[in-house]
Amino acid sequence: MEYQKAAELNGLCNGKIVTEYLCRNGFSELTVDTKKVAVQHKNETSRKEAEDESRLPALEAAYTTILRGLGENTDRQGLLKTPLRAAKAMQFLTKGYHETIYDVLNDAIFDEDHEELVIVKDIDMFSLCEHHLVPFFGKVHIGYLPSKKVVGLSKLARIVEIYSRRLQVQERLTKQIAMAISEALQPVGVAVVIEAAHMCMVMRGVQKMNSRTVTSAMLGVFREDPKAREEFLALTKSA
């Protein structure tokens, strides 16, 4: 019996990486070790959770210092567990640093003979401004023109979650979402528009309650063809 590793084969079987090639009596048999992939993913998740746990004491101490710097008594009842709660909250709000698009896409990319515009609009988005560490939030509209491949619609929302759960600026967030979809699907074009309210403009600074920031990223046909861009913008326009 002869074995060749997947790296040597450099092939795919039903969309999954071939992990082993078995030669028996002149007949070839391809096997996919999906259990190994699942175990690796579980181990990676456990490792990330362990890293977060190990960093909690330092974050908790930092929040204690901040509260004391504000003149608060961290020993009073209402603040006894606030540094720990704040540390855990910050880890959740920035959990996107531990995730990639490949963690969420899995096998959710499908061969499909569809060449018309696909749009998912009004995806809720929450993120933290990296300049003041206060929230900005709003809606994300995503469109792409497939090239024989489509993705599970919920995965577009998951991609938004990955990049918004980091310290961000809206301009970069918009581009990262578009580039990630383009890289994963290789479509004819990708368009992303984000409309958001920034608490750094509402709660502080100029304090303009009704201001909204709109950013866009157009790739491929949406950058090159005004008609394609206009169709996307018309379909995502609020009624």
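Tell me, yes or no, whether the range 149-159 has at least one residue that is over 27 Å from ARG204 (Cα atoms), among the hydroxyl-bearing types (Ser, Thr, Tyr) and within 15 Å of the chain's Cα centre (by Cα). Yes, the range 149-159 has at least one match. On the stretch given as the range 53-111, residues that are surrounded by fewer than 16 Cβ atoms within 10 Å (Cβ to Cβ), among the acidic types (Asp, Glu) and in a helix (DSSP H, G or I) total 2.
Note on the range 112-126: residues that are surrounded by 17 or more Cβ atoms within 10 Å (Cβ to Cβ) and not in a strand (DSSP E or B) amount to 1.
Applying the criterion of at least 1 residues that are open to solvent by 20 Å² or more (accessible area, probe 1.4 Å) and closer than 30 Å to ALA89 by Cβ to the strands (runs of 3 or more DSSP E) found wholly in the range 127-239 leaves 135-145, 189-198, 213-220.
The values are calculated or read from the model by the stated rules, or taken from the named source; none is laboratory data. Here the structure is a predicted model, which means the values were calculated and not measured. Here the Cβ is made from the backbone with ideal geometry for all residues, glycine too, and neighbour counts use every protein chain on show. Protein only, heavy atoms only, side chains kept; ligands, DNA and RNA dropped before computing areas. Shrake-Rupley method; radii C 1.70, N 1.55, O 1.52, S 1.80 Å.
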